[in-house]
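See structure below.
The values are calculated or read from the model by the stated rules, or taken from the named source; none is laboratory data. Keep in mind that this is a model prediction, so the values were computed, not measured. Neighbour counts run over all protein chains shown; Cβ positions are idealised from the backbone, glycine included. Ligands, DNA and RNA are excluded from the accessible area calculation, which covers all protein heavy atoms including side chains. Shrake-Rupley method; radii C 1.70, N 1.55, O 1.52, S 1.80 Å.
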Amino acid sequence: MSDTAKDQDVLDLAAVGIGPFNLSLAALADEVDGFSFAAFDRRPAYDWHPGLMFDWASLQVGFLADLVSLIRPTSPWSFLNYLVEHDRMYPFYIAERFHVPRREYADYCAWAAARLPGCHFGTSVDEVRWDPARDLWELTLRDVATGDLRVRAARNLALGVGTEPALPPALAKVEGDRVLHSGEHLHRVDGLIADGVRDVTVVGSGQSGAEVFLDLLRRQRDAGWAVTWLTRSWGFAPLDYSKLVLEYTTPAYMRYFNGLEPAVRDRLIASQWQLYKGIDTETIDLIHNELYDHMLDGDRPPVTLLPATAVLDARLDGDAVQLTTGHADTGREAVRRTGAVIAATGYAGRRPDCVAPVEKLIAWDPKGRYDVSPDHRVRTVPEVGAGLFVQNAELHTHGAAAPDLGIGAYRSALILNASAGRDVFRIPRRTAFQTFGGTG
């Protein structure tokens, strides 16, 4: 039972933001009898990374990492049921594709978001307050189209507002027409061509950086630009997709990780970056093929790859961007001019503005991050009994699994069980062969 109650009724669970993770929450909540749920998003409709929705890109996880299947494979909101509804099951079966096209996954999510009764788009959560008399969260909702305000109360709240594009300080100060984040790439690349940009530099070597670099290479004949790709990492490293390493993105490792000391967790996150920041090998192969063709052509503008190279400073110089770079191994600095910079420098967690009225009720860690329990509940001051949960804001407390789509249904099931006060979903217990912590 989703949001079918009257406005004055109290929700069992309210969700702020409708990305893949809160959409998973909505899909699983839809089949819980006697449970009132609603999710709100200020956008007019579901849209997932449109600036990086390349036609040829595939999801980095298998199709079973959909909204529900790893918890409830018989749900009508599964990816397989989406295929049935679109009469694509047999073509999918014959294709034998475990990693589906990214645009197909995005369309699947949009299909679910448009049909789930608990999803409310065009509705901004402007404020969250705590009512101590009733121990409830009060959400001030604003209709984006009309500006009308109303208040909903909820016993539990899930924050799934996602992350925001992050630029390093050197590039942030010159962000604009010629310095942009990779998340805007497909919205802005035609403008760079129209402006006659003759040289483009990609900064960052994760999956987004690799895909942007490949797209620029494929446009090179028409655009006529030179392309440079640099990364401060030791190399353009692959995502570690080996089976036993993948167990570090399972609930078993996530529970173990949460029990470690904060300083140990921070050290591990820094060392395990290839679990979630590397490039999939298929993309690396496509890039190498393109570079080989570039070499054979012999008449295209130059392409330069610079590993172990960090951007130390940037400034605008007329129609160009001047970058000062430093090499990690030699310590040498260089000055490079480029027509545009596309920064594939990742995303950072953000504290939603709507929680400002209750910030003092939240138990932040020494670095100003959520202090999150094993069941993804944010610790609050003792007098607050209302539940507060987060989705994809607990990398520092739960490890590399936090942003992984494969953990979405599991995390949603934990949140729903806690919010319902009973086990409405069976939680898988055996998720890894390894015994983490050395006490097997």
>> Can you tell me which residue is nearest to the chain's Cα centre (by Cα) among those in the stretch 189-224 that are surrounded by 18 or more Cβ atoms within 10 Å (Cβ to Cβ) and of a type in the set (Gly, Ala, Ser)?
In response: SER208
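Taking the options LEU230, LEU214, name whichever one is touching a strand residue (DSSP E or B) at 6+ places or on another chain (Cβ under 7 Å) and aliphatic (A, V, I, L, M).
Step by step, each of LEU230, LEU214 is checked, and only LEU230 is touching a strand residue (DSSP E or B) at 6+ places or on another chain (Cβ under 7 Å) and aliphatic (A, V, I, L, M).
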>> Here is a check on your reading of the model: is GLY147 in the same structural domain as THR304 (by the TED database) and in a loop (DSSP other than H, G, I, E, B)?
In response: no
> Has the stretch 109-127 got at least one residue that is out of contact with any strand residue (DSSP E or B) (no Cβ under 9 Å at 6 or more places or on another chain) and either closer than 30 Å to VAL381 by Cα or crowded, with 18+ Cβ neighbours inside 10 Å (or both)?
Replying inline: yes
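Could you grab me the full set of residues in the stretch 65-100 that are at positive phi and open to solvent by less than 20 Å² (accessible area, probe 1.4 Å)?
Passing the criteria: none in range.
List the strands (runs of 3 or more DSSP E) inside the stretch 303-406, counting only whole elements, that have at least 3 residues being at pLDDT 95 or above and either closer than 23 Å to PRO20 by Cα or not basic (Lys, Arg) (or both).
Working: elements: 303-306, 309-317, 320-327, 333-338, 340-343, 347-349, 387-390.
Counting at least 3 such residues, we get 303-306, 309-317, 320-327, 333-338, 340-343, 387-390.
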> In the stretch 376-399, which residues are farther than 18 Å from LYS360 by Cβ and among the hydroxyl-bearing types (Ser, Thr, Tyr)?
Replying inline: THR397
> What are the pairs, 6+ residues apart or on separate chains, where a residue within the stretch 237-248 that is open to solvent by less than 70 Å² (accessible area, probe 1.4 Å) has its Cβ under 9 Å from a residue that is in a helix (DSSP H, G or I) and among the small types (Gly, Ala, Ser)?
Replying inline: LEU246/GLY406; TYR248/GLY399; TYR248/ALA400; TYR248/ALA401
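Being open to solvent by 40 Å² or more (accessible area, probe 1.4 Å), assigned to a helix (DSSP H, G or I), closer than 30 Å to TYR370 by Cα and not aromatic (Phe, Trp, Tyr) is the requirement here; does ARG265 meet it? Quick ask: steps written out before the conclusion?
Values: open to solvent by 40 Å² or more (accessible area, probe 1.4 Å): no; assigned to a helix (DSSP H, G or I): yes; closer than 30 Å to TYR370 by Cα: yes; not aromatic (Phe, Trp, Tyr): yes.
No, not satisfied.
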> Residue check: is ALA432 part of a loop (DSSP other than H, G, I, E, B), closer than 30 Å to ALA308 by Cα and open to solvent by 10 Å² or more (accessible area, probe 1.4 Å)?
Replying inline: no
>> Between a residue in the stretch 35-46 that is closer than 25 Å to ASN417 by Cβ and any residue that is open to solvent by 10 Å² or more (accessible area, probe 1.4 Å) and charged (D, E, K, R), which pairs come within a Cβ distance under 6 Å, given they are 6 or more apart or on different chains?
In response: PHE35/ASP12; SER36/ASP12; ALA38/ASP3
> Does GLY421 fit the bill of being over 15 Å from the mean Cα position of the chain (by Cα) and either over 18 Å from GLY34 (Cα atoms) or surrounded by fewer than 18 Cβ atoms within 10 Å (Cβ to Cβ) (or both)?
Replying inline: yes
> Which of the residues spanning the stretch 150-173 are of a type in the set (A, V, I, L, M, F, W, C), open to solvent by less than 30 Å² (accessible area, probe 1.4 Å) and either within 22 Å of the chain's Cα centre (by Cα) or not assigned by the TED database to the domain that holds ILE362 (or both)?
Replying inline: LEU157, ALA158, LEU159, ALA166, ALA170, LEU171
> If you scan the stretch 329-377, which residues turn out to be among the β-branched types (Val, Ile, Thr) and either in contact (Cβ under 8 Å) with a residue 60 or more places away in the chain or assigned by the TED database to the domain that holds ALA172 (or both)?
Replying inline: THR330, VAL335, THR338, VAL341, ILE342, THR345, VAL355, VAL358, VAL372
